[in-house]
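Peer 1: Please read through the structure below; I'll follow up with questions.
The values are calculated or read from the model by the stated rules, or taken from the named source; none is laboratory data. The structure displayed is predicted, hence computed values, not measured ones. Cβ sites come from the backbone with ideal geometry, for glycine too, and all protein chains shown count toward neighbours.
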Amino acid sequence: MDDVLAADGRQGAAAAADGGRGRVVMLVRWSDVDLFGHVNNAAFLRFLDDARFTLFPRMGVDEVGAMTASRLVVVKHEIDYLAPIRFRPAPVVVEVWVPRLGRSSVDFAYEILDGEAPGATVALRARSRMVQLDHETQTPRPFTDEERATFAAYPGASPELHAW
């Protein structure tokens, strides 16, 4: 099951990716670009967050946006910046998938593609680990069967990241 989604009014739709990846098309904003003329590393992290929340909107909030008893919090990011992306009117594509699902933690994998065309350059490859916490106790809470099914709809291999 692949998804093609748009978010935040600054994205549009594109063809779905193969391999169970969700796909979010995003525009580069002027404020995403730094003095070197390319998307700043912090802006890339926002792209990952925006794409993840577009594909998984119920992570810690209910259908009307109110906080729930569970919170999915980031405990680790790993990012390989592979090619610069400059300000331009053409969108980038953020692909997201789930290479690992634990009892109360989940890994999200990402690739940011420099455009929508087949064979577009991979500008960034990343992985995030998140842990679900109970709001009151701040301790890990196992995923429900419904939550597990949501993540399982986006299977894929762990991204190959450069070692230190």
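Peer 1: Considering only residues that are touching a residue at least 60 places away in the same chain (Cβ under 8 Å) and part of a strand (DSSP E or B), look in the stretch 18-38 and name the one that is surrounded by the most Cβ atoms within 10 Å (Cβ to Cβ). Full working, then the answer.
Peer 2: Of the residues in the stretch 18-38, the ones touching a residue at least 60 places away in the same chain (Cβ under 8 Å) are 19-28.
From the residues that got through so far, the ones that are part of a strand (DSSP E or B) too are 22-26.
Values: Gly22: 26, Arg23: 25, Val24: 30, Val25: 23, Met26: 22.
Only one residue tops the list, namely Val24.
Peer 1: For the stretch 113-155, which residues satisfy the criterion of being small (Gly, Ala, Ser) and either surrounded by fewer than 17 Cβ atoms within 10 Å (Cβ to Cβ) or modelled with pLDDT under 95 (or both)?
Peer 2: In the first step, residues of the stretch 113-155 are kept if they are small (Gly, Ala, Ser); the result is 115, 117, 119-120, 123, 126, 128, 149, 152-153.
Residues satisfying the conditions are Gly115, Ala117, Gly119, Ala120, Ala149, Ala152, Ala153.
Peer 1: So, Gly115, is that one in a loop (DSSP other than H, G, I, E, B), in contact (Cβ under 8 Å) with a residue 24 or more places away in the chain, at positive phi and small (Gly, Ala, Ser) or not?
Peer 2: On the way: in a loop (DSSP other than H, G, I, E, B): yes; in contact (Cβ under 8 Å) with a residue 24 or more places away in the chain: yes; at positive phi: yes; small (Gly, Ala, Ser): yes.
Yes.
Peer 1: Separate question: For the stretch 132-164, enumerate the residues that are closer than 19 Å to Arg52 by Cβ and either small (Gly, Ala, Ser) or touching a helix residue (DSSP H, G or I) at 6+ places or on another chain (Cβ under 6 Å) (or both).
Peer 2: Across the stretch 132-164, the qualifying residues are Ala149, Ala152, Ala153, Gly156, Ala157, Ser158.
Peer 1: Looking only at residues in the stretch 91-110 that are in contact (Cβ under 8 Å) with a residue 40 or more places away in the chain and not in a strand (DSSP E or B), which one is surrounded by the most Cβ atoms within 10 Å (Cβ to Cβ)?
Peer 2: Here is the first cut: in the stretch 91-110, the ones in contact (Cβ under 8 Å) with a residue 40 or more places away in the chain are 91-101, 103, 106-110.
Right, trim to not in a strand (DSSP E or B) and you get 91, 103.
Details: Pro91: 21, Arg103: 12.
Of everything passing the filter in the stretch 91-110, Pro91 is surrounded by the most Cβ atoms within 10 Å (Cβ to Cβ).
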